[in-house]
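The values are calculated or read from the model by the stated rules, or taken from the named source; none is laboratory data. The structure displayed is predicted, hence computed values, not measured ones. Cβ atoms come from the backbone with ideal geometry, glycine included; neighbour counts cover every protein chain shown.
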Amino acid sequence: MTESVEDLDQRNFSQLLAAVGRDRDIEAFETIFKYYGPKVRSYMAKLARDGQAAEELMQETMLAVWNKAEQFDPSRGNVSSWIFTIARNLRIDAFRREKRPVFDPTDPAFVPDDVPPADVEFEGRQEADRLRRAMETLPPEQLELLKMSFYREASHSTIAAELGLPMGTVKSRIRLAFAKLRAALEERA
């Protein structure tokens with residue numbers, strides 16, 4: 001070939017690419033490679049900001065050009081657009097394959113604060129105070145049953161055995177205690 005690579009126009013590249021696709025013409029591919037290889041590498045270097053990655057992506061692009069040359073259709077666009085579309089798609093695929101950051105559960109953005117917000121703490125203290133005052137209004141036997149059931153987490157049968165009461169009495173006193181607490185808390189709300 002007497003022309004230099006820079007002197008070729010898109011029509012010539014279409015013919016060269018057709019020869020690669022049809023005849024697996026190595027000389028035609030070398031000409032395409034010499035012209036587009038550096039351009040694709042430069043394009044990839046801008047996107048990847050990594051010389052090694054740009055070189056690898058350029059090699060993948062040119063290998064894809066070799067393997068897909070028979071798929072090129074000059075009526076749908078020029079060689080340059082076709083090659084850079086392949087390059088762009090390979091860069092997108094490489095980006096997707098890149099290692100994503102691993103989720104770090106100890107990252108401060110994901111760790112709850114040790115101290116609750118002031119408004120939450122204040123509301124919690126208010127609720128606890130309202131409950132304490134409501135519990136003070138209960139008869140002593142009902143208060144004792146609630147403390148055994150909820151603070152000590154004793155079962156109803158255990159409470160009945162410890163206090164020598166029938167199971168039905170334990171259940172009804174706890175139910176009455178809840179009703180009185182509910183009424184007392186609704187009054188104060």
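Within the set of pairs 6 or more residues apart or between chains, which connect a residue that is under 30 Å from residue 58 (Cα atoms) inside region 90-115 to a residue that is at pLDDT 75 or above and not aliphatic (A, V, I, L, M) with Cβ atoms less than 6 Å apart? Every condition considered, the pairs that remain are 90/60; 90/61. Whether a residue is modelled with pLDDT under 90 and farther than 15 Å from residue 16 by Cβ was assessed, and residue 64 does not pass this test.
Got a sec? Which helices (runs of 4 or more DSSP H) wholly within region 115-170 have at least 2 residues that are closer than 14 Å to residue 184 by Cα?
Output list reads 118-136.
For the residues 130, 49, 76, 91, the requirement of being of a type in the set (D, E, K, R), in the same structural domain as residue 22 (by TED's automatic domain parsing) and more than 37 Å from the chain's Cα centre (by Cα) singles out 76.
Does residue 79 qualify as being surrounded by 10 or more Cβ atoms within 10 Å (Cβ to Cβ), over 15 Å from residue 41 (Cα atoms) and not aromatic (Phe, Trp, Tyr)?
Yes.
Identify the residue in region 40-55 that is in contact (Cβ under 8 Å) with a residue 24 or more places away in the chain and surrounded by fewer than 18 Cβ atoms within 10 Å (Cβ to Cβ) and, among all such residues, is farthest from residue 87 (Cα to Cα). Show your work before the answer.
At the first step, the residues of region 40-55 found to be in contact (Cβ under 8 Å) with a residue 24 or more places away in the chain are 40, 43-44, 47-48, 53.
From what is left, the residues that are surrounded by fewer than 18 Cβ atoms within 10 Å (Cβ to Cβ) are 47, 53.
Values: 47: 11, 53: 12 Å.
For region 40-55, the residue satisfying everything is 53.
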